[in-house]
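Enquirer: One structure is given below, represented as structure tokens, and several questions about it will come after.
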Amino acid sequence: MKKTSLKLFAILFAITSLLSAQSVSTLIDEAEKYYKEFNNEKILDALKKAEKIDPKNFDVLWMLSRTYVDIADKMPKSTSEQEQAQLKMYETALDYANKAINVDGTKSARYLRRAIANGKIALFKGVFSVAGVVNSVKADAEKAIQLGNGGNFVQGVAHYVLARTHAKTSEKWKPARSVLGLGWADNQIALKEFKKAIEIYPGYLMFYVDYANSLIREDEFDLAKQMLNKALTCQFQHQDDEKRLAEAKQLLNDIKNK
């Protein structure tokens, strides 16, 4: 009788686990569908439901990190209260990225999401005030590249994040940032990393626009124009693509006679 009860319990547990796994998978698919529609509210709703079912699902955790960054990027920031609310959202994204790494530290996407969340925090607070965070962004982007998994999109974005980190940090006066341990930043390295990102995952609008910005800094106007014209042909894949498209058009106008 006891053996029968144990066997029945094992069967019921297996069925429950299978149904839960199917539910989480369905909710992840739902979130990805809404991601293509840039519907952050519905993405968050689906992922939070999935988190309740399986709070240690690493895909759910890194996707939540991505979602909180996307939500924060769209938040108003005209008052100090709104700014603090936005920062808190970025910090929530960082928390979820850390949770994803703690569950599975072998996947590039987890380090990429932490790099992006920390990058947003660094931009919010200012590079000189959070040099350690900037160094963490670089280290996590390099870790994502070194692991080399996640597919072309993840690897392309990892190279892009590393490129952008070099580009944005190198805009600061080198003697001042060297004192803070940020002397490694180099726009020439940024150019190589932007190019690599495009080779791995072509057609992502922001890659071309930010590559063009770094090229313009080096007076490489002809290649910058080529990149900006390619940006004009990209399909929208990110919620900020409309804004970045407008930037591409403005940059083309600014350098048309260069």
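The values are calculated or read from the model by the stated rules, or taken from the named source; none is laboratory data. If you're wondering where the values come from, they're calculated on a predicted model, not measured in any experiment. When we count neighbours, we look across all protein chains shown, and the Cβ atoms used for this are built from the backbone with ideal geometry, even at glycine.
Enquirer: Return the residues of the range 193-220 that are over 20 Å from A246 (Cβ atoms) and over 19 Å from the mean Cα position of the chain (by Cα); say none if nothing qualifies.
Expert: Those that are over 20 Å from A246 (Cβ atoms) and over 19 Å from the mean Cα position of the chain (by Cα): R217, E218, D219, E220.
Enquirer: Based on this model, can you work out whether T165 counts as part of a helix (DSSP H, G or I), among the polar types (S, T, N, Q) and touching a Lys or Arg at 6+ places or on another chain (Cβ under 6 Å)?
Expert: yes
Enquirer: Identify, please: which residue in the range 89-120 is part of a helix (DSSP H, G or I) and among the polar types (S, T, N, Q) and is, among those, nearest to N57 (Cα to Cα)?
Expert: The extreme case among them is N102.
Enquirer: Kindly establish whether K143 is under 17 Å from A248 (Cα atoms) and either of a type in the set (V, I, T) or touching a helix residue (DSSP H, G or I) at 6+ places or on another chain (Cβ under 7 Å) (or both).
Expert: Answer is no for this residue.
Enquirer: If you don't mind, another one. So A185 passes all but one of these: (1) assigned by TED's automatic domain parsing to the domain that holds V133; (2) touching a residue at least 24 places away in the same chain (Cβ under 8 Å); (3) assigned to a loop (DSSP other than H, G, I, E, B). Which condition number does it fail?
Expert: Just one mismatch for A185, condition (2).
Yes/no matrix, rows are residues, columns are (1) touching a Pro at 6+ places or on another chain (Cβ under 6 Å); (2) surrounded by fewer than 17 Cβ atoms within 10 Å (Cβ to Cβ); (3) closer than 20 Å to D240 by Cβ:
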position	(1), (2), (3)
M75	no, yes, yes
Q84	no, yes, no
D95	no, yes, no
R110	no, no, no
A115	no, no, yes
V127	no, no, no
V134	no, no, no
V137	no, no, yes
F153	no, yes, yes
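Enquirer: Next question. Do any helices (runs of 4 or more DSSP H) entirely within the range 196-258 hold 1 or more residues that are in contact with a Cys (Cβ under 8 Å, 6 or more places away or on another chain), and if so, which?
Expert: Filter on the range 196-258 gives 205-217, 241-254.
Enquirer: Only one of these is touching a residue at least 24 places away in the same chain (Cβ under 8 Å), out of contact with any helix residue (DSSP H, G or I) (no Cβ under 6 Å at 6 or more places or on another chain) and in the same structural domain as N57 (by TED's automatic domain parsing): N98, N135. Name it.
Expert: Of the residues listed, the single one that is touching a residue at least 24 places away in the same chain (Cβ under 8 Å), out of contact with any helix residue (DSSP H, G or I) (no Cβ under 6 Å at 6 or more places or on another chain) and in the same structural domain as N57 (by TED's automatic domain parsing) is N135.
Enquirer: Which of the residues that make up the range 31-88 are aromatic (F, W, Y) and not in a helix (DSSP H, G or I)?
Expert: F38, the sole residue that qualifies.
Enquirer: Among the residues in the range 229-249, are any over 23 Å from A109 (Cβ atoms), in the same structural domain as E142 (by TED's automatic domain parsing) and free of Cβ contacts under 8 Å to residues at least 40 places away in the same chain?
Expert: No, the range 229-249 has no match at all.
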